[in-house]
Amino acid sequence: MSKDSLVTSVLRYIRDHLHEELTLEKMAEELNYSRFYMARTFAERTGCTLYQYIRGRRLTLAAEKLVNTAGPIVEIAYEAGYGSQQAFTLAFHKMYGCTPQEYRIQGVFVPKQAEISLCGGFRAGSSTIDSRRMAA
C-alpha cells in the first residue's frame, strides 16, 4: 500500500470513528500498521499530527453544533471527547480565539480544521472545496 493510500485509509477511519475514543494503538491495529510508521506517514503527508487533526476535526464539528443547535455546551463538550466543559473551553479558545458561548452568540460557523482529502480538495462542512481552484 502506498503512503497516500495509508493516509486515505487513516482519514476514512477517523471520519467513521470520530465520535468514538480514538487511540493511535487502536487505529494502527485496525489498519495493520505500526503506530510509529502510521503516525509519521500521516504527519509527513498532511503537515499535522494525528492528534492535531482529530482534535481540530472534533472542535470544528463542535463549533458547527454551537451555531446550529441549542444544545447545552457541556453536552457538546462531551460529544467532542472532552471530560469537562472547562477542558473543552480551553481547547476551543485556543483554536477559535473565543469561548464556546461567545462563538455561539456570534452565530457564524467558520470551520478551522477542514476534513483533509488527498485528492486535491478538503471538506468544509457538507461541501467539497477544490484547493487547486482556490490557488488560481
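The values are calculated or read from the model by the stated rules, or taken from the named source; none is laboratory data. Predicted model only: the values in this text are computed from it and were never measured. No Cβ is skipped: glycine too gets one built from the backbone with ideal geometry, and neighbour counts run over all protein chains shown.
Laid out as a table, the results:
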| quantity | calculated |
| --- | --- |
| Region 43-64, subset under 12 Å from VAL10 (Cα atoms) and aliphatic (A, V, I, L, M), residue surrounded by the fewest Cβ atoms within 10 Å (Cβ to Cβ) | ALA43 |
| Residue check for LEU61: under 11 Å from the mean Cα position of the chain (by Cα), in the same structural domain as LYS94 (by the TED database) and closer than 15 Å to PHE92 by Cβ | yes |
| Among residues of region 1-38, those that are surrounded by 14 or more Cβ atoms within 10 Å (Cβ to Cβ) and of a type outside the set (Phe, Trp, Tyr), counted | 18 |
| Failed item in (1) out of contact with any helix residue (DSSP H, G or I) (no Cβ under 9 Å at 6 or more places or on another chain); (2) at pLDDT below 95; (3) under 20 Å from SER117 (Cβ atoms), with GLU21 passing the rest | (3) |
| Number of positions in region 5-20 that are farther than 23 Å from PRO111 by Cβ and either in contact with a Ser or Thr (Cβ under 7 Å, 6 or more places away or on another chain) or of a type in the set (Asp, Glu) (or both) | 1 |
| So ALA136, is it at pLDDT below 95, more than 17 Å from the chain's Cα centre (by Cα) and more than 26 Å from LEU6 (Cα to Cα) | yes |
| Cross-chain or 6+ apart pairs with Cβ under 6 Å, region 32-50 first and assigned by the TED database to the domain that holds VAL7, then assigned to a loop (DSSP other than H, G, I, E, B) | ALA43/THR49 |
| Any chance PHE122 is modelled with pLDDT of 95 or more and either aromatic (Phe, Trp, Tyr) or in the same structural domain as SER5 (by the TED database) (or both) | no |
| Members of region 4-23 found to be within 27 Å of GLU75 (Cβ to Cβ), in a helix (DSSP H, G or I) and β-branched (Val, Ile, Thr), listed by number | ILE14 |
| Every residue from region 93-117 that is assigned to a helix (DSSP H, G or I) and in contact with a His (Cβ under 7 Å, 6 or more places away or on another chain) | none |
